[in-house]
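Taken together, the values in this text are just the output of simple stated rules run on the coordinates, not laboratory data. Everything numeric here is computed off the predicted structure, so don't read it as measured data. In this analysis, Cβ positions are derived from the backbone assuming ideal geometry, glycine residues included, and neighbour counts consider all displayed protein chains.
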Protein chains: 2
Amino acid sequence: MPVEEVHTALGPGGEFDLIRRMLGAWGDRAHGLGDDGALLDVPPGSRLVVSTDMSLEGTHFQLDWLALEEIGYRAVAASLSDLAAMAATPLGVLIAMALPATLAPRVEALAIGVGEAAALGRCPIVGGDTTRGDRLCLAVTVLGHARTPVRRAGARPGDGLFVTGRLGAPGAALSALRGGGVLSPAVRSRFAHPVPRLDEARWLADAGITALIDLSDGLASDVRHLAAAGEVAMTVELDRLPVVEGVSALEAARSGEEYELLAAAPASLDVRAFEERFHLPVTRIGTVTATGSVPVTFLHRGVRVDPGMGHDHFSR
Amino acid sequence: MPVEEVHTALGPGGEFDLIRRMLGAWGDRAHGLGDDGALLDVPPGSRLVVSTDMSLEGTHFQLDWLALEEIGYRAVAASLSDLAAMAATPLGVLIAMALPATLAPRVEALAIGVGEAAALGRCPIVGGDTTRGDRLCLAVTVLGHARTPVRRAGARPGDGLFVTGRLGAPGAALSALRGGGVLSPAVRSRFAHPVPRLDEARWLADAGITALIDLSDGLASDVRHLAAAGEVAMTVELDRLPVVEGVSALEAARSGEEYELLAAAPASLDVRAFEERFHLPVTRIGTVTATGSVPVTFLHRGVRVDPGMGHDHFSR
């Protein structure tokens, strides 16, 4: 068994009462909690992949935008997407949280969302930390394993650039929420329930992709990260971007928290086999080139444009 | 090599400028940052041990109590102490942080403290996340490995209870700071620079201890956790507690954030060999008994007392 199945008996105290309520919400989705550290086993021949992400009320979300279940789900799904970006298989989730006193009575709702995302990643919740804070803050650590992880570095001149899914809904959702507008059900669903592309990433890794990143900051930023990591240049044809209805290519390029995948791969990548397997589009949107004067060139209707950057908390 | 030695080249953006400044402060104490996940290798035959902890301004510390270097150091040292509590050897540290705009110009100071604690644990900084927030928040995840981790559960009736070091300084420091008082240099040093007992824990594991926990909530709470986990009872003789000067046994029992070790071990534990090896006292303070009507009995001058509980953010 990859993790301890049985929880260590918890001592008394208010924090442990909260943990007991979360354990009640998680049921057998949580394994082996209650010790100072979680114990896991990495399969022989595999490397450990680990990522940590913070999701903070006021910075990443507002409490009136989403249900607590959705806030918990999104925080964990976003971290699992980092495992997808390495083509790794999840081993476990740890969740450290600061919880305002007003939310403590509803901690089960948060826990339910966390549990839903963990179930989607087919991995247990193995640890965490609970503390009091003025604002809700979720720091999610995900652990995974991969025999041959795919890195951001590795794209080769001549490779194509491929993106999964359709972009733009989270950006549209944020614009509407900040403006006090109402979200269409399709946009709201994509925003509240992003799906980490874990199986898709492993399929792409087996198909020979050379570099991989998930779209968390937004394509306009993430493609630059992929180019910088690989020390190559890239050209993106924005007219090829697969967008959701009502969103322009430029808006889609700036839309963050998509959690779709951006891969560099030989042009021969079998797009049709992917789409048949996952019922999800994968679209060639550009090309990897040798390093030039500009790391990334964006073309829109044949003209070079600057779509700006995606989301960056420290640039605004 | 246990981790990737070379960082992935970072793309542009304000958040990445901050990361670059932290990397400058860390030098070769950071390994392989810049990808979606960190890659590590767990030695064959060892289990992975992982723990995550949140340290929040206003809840765990105030900015005017400590230097930023000390705040960074303490957050990482506290998490490394959880690896010590499992008798694990550190593999790597990840640090997710919310950083107020006013502190961004001084992020190097935080990073220096984080790097000092990682160096003490002889492990690299392998990942993290940086975001903007109203209050400084550090969520530290530590990864370690152990062939035979020691758990909270395992104490057997007849075992002795042993504690490392001298207790009470962090509690005395908090009382003084909250009252606007001045700390003695010795108390301030113990409060600002707790030392995770990593080598000591591995020595104790080799010496045959049966259960282990680190004193983070305070002895009065943590001994109850040890008893609950092991489904045994324990008697603590508070008069035996090794205390720092000017602190009573009851105060020492309630003092949290000690990061000393509490172990159950056969009474034959070679206390002298430990003290000669580490120049640190290890003191027998009680006994493990069969489960009775009360999980933990505290004796003070021969009389049963209730020292109360240690620190619990949700009970106050």
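At a glance:
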{"quantity": "Overall Cα dimensions of the protein assembly as shown, principal axis frame, Å, largest first", "calculated": "87, 48, 43"}
{"quantity": "Spin-label model distance (nm) - B:Arg202 vs B:Glu231, 7 Å beyond Cα toward Cβ", "calculated": "3.3"}
{"quantity": "Other copies of B:Gly292: label-to-label distances in nm, shortest first, labels 7 Å along the beta-carbon direction", "calculated": "8.1"}
{"quantity": "Sequence ranges B:193-200, A:218-225, ranked by mean other-Cβ count within 10 angstrom, highest first", "calculated": "A:218-225, B:193-200"}
{"quantity": "Total charge dipole magnitude, the range A:118-176, about the Cα centre, Cβ charges on Lys, Arg, Asp, Glu only, Debye to nearest 20", "calculated": "200"}
{"quantity": "Hull shadow area, averaged, the range A:1-121 [alpha-carbon convex hull, nm²]", "calculated": "8.1"}
{"quantity": "Chain A - Rg (one decimal) and Dmax (whole number), Cα, Å", "calculated": "20.1, 66"}
{"quantity": "Given charges at beta-carbon only (K, R positive; D, E negative), |dipole| of the range B:171-310 in Debye", "calculated": "280"}
{"quantity": "Label point 7 Å beyond Cα along the C-beta direction, distances from B:Val182 to other copies (nm, shortest first)", "calculated": "6.6"}
{"quantity": "Net +/- balance of residues flanking A:His193 in space, Cβ distance below 15 Å, scoring K and R +1, D and E -1", "calculated": "-1"}
{"quantity": "Over the range A:69-179, equivalent-ellipsoid semi-axes from the Cα gyration tensor in Å", "calculated": "30, 20, 11"}
{"quantity": "Where a label projected 7 Å from the Cα of B:Leu299 along Cα→Cβ would reach, residues of the range B:139-178 with amide N under 16 Å", "calculated": "B:158-162"}
{"quantity": "Distance (nanometres) between label positions extended 7 Å along Cα→Cβ at A:Arg21 and A:Thr148", "calculated": "4.8"}
{"quantity": "Inter-chain shielding of B:16-22 (mean C-beta neighbours from other protein chains, 10 Å cut-off)", "calculated": "2"}
{"quantity": "Peptide ranges B:92-103, B:260-271 listed from the most packed, as the mean C-beta count within 10 angstrom indicates", "calculated": "B:92-103, B:260-271"}
{"quantity": "Contact order normalised by residue count of chain B, Cα under 8 Å, 6+ apart, percent", "calculated": "21"}
{"quantity": "Computed E for B:His7/B:Val182 - FRET, C-beta separation, R0 35 angstrom, nearest 0.05", "calculated": "0.25"}
{"quantity": "Sites A:Thr291 and B:Thr291 - FRET efficiency at Förster radius 51 Å, r taken between beta-carbons, to 0.05", "calculated": "0.15"}
{"quantity": "Computed [θ] at 222 nm, deg cm²/dmol, the protein assembly as shown (DSSP H ≥ 4; -39,500 (n - 2.57); rounded to nearest 500)", "calculated": "-9000 deg cm²/dmol"}
{"quantity": "Percent breakdown of C-alpha pair distances by 10 Å bin, ordered from the shortest bin, for the range A:182-299", "calculated": "13, 44, 35, 7, 0"}
{"quantity": "Surface/4 estimate of mean projected area, convex hull on alpha-carbon atoms of the range A:171-226, nm²", "calculated": "4.8"}
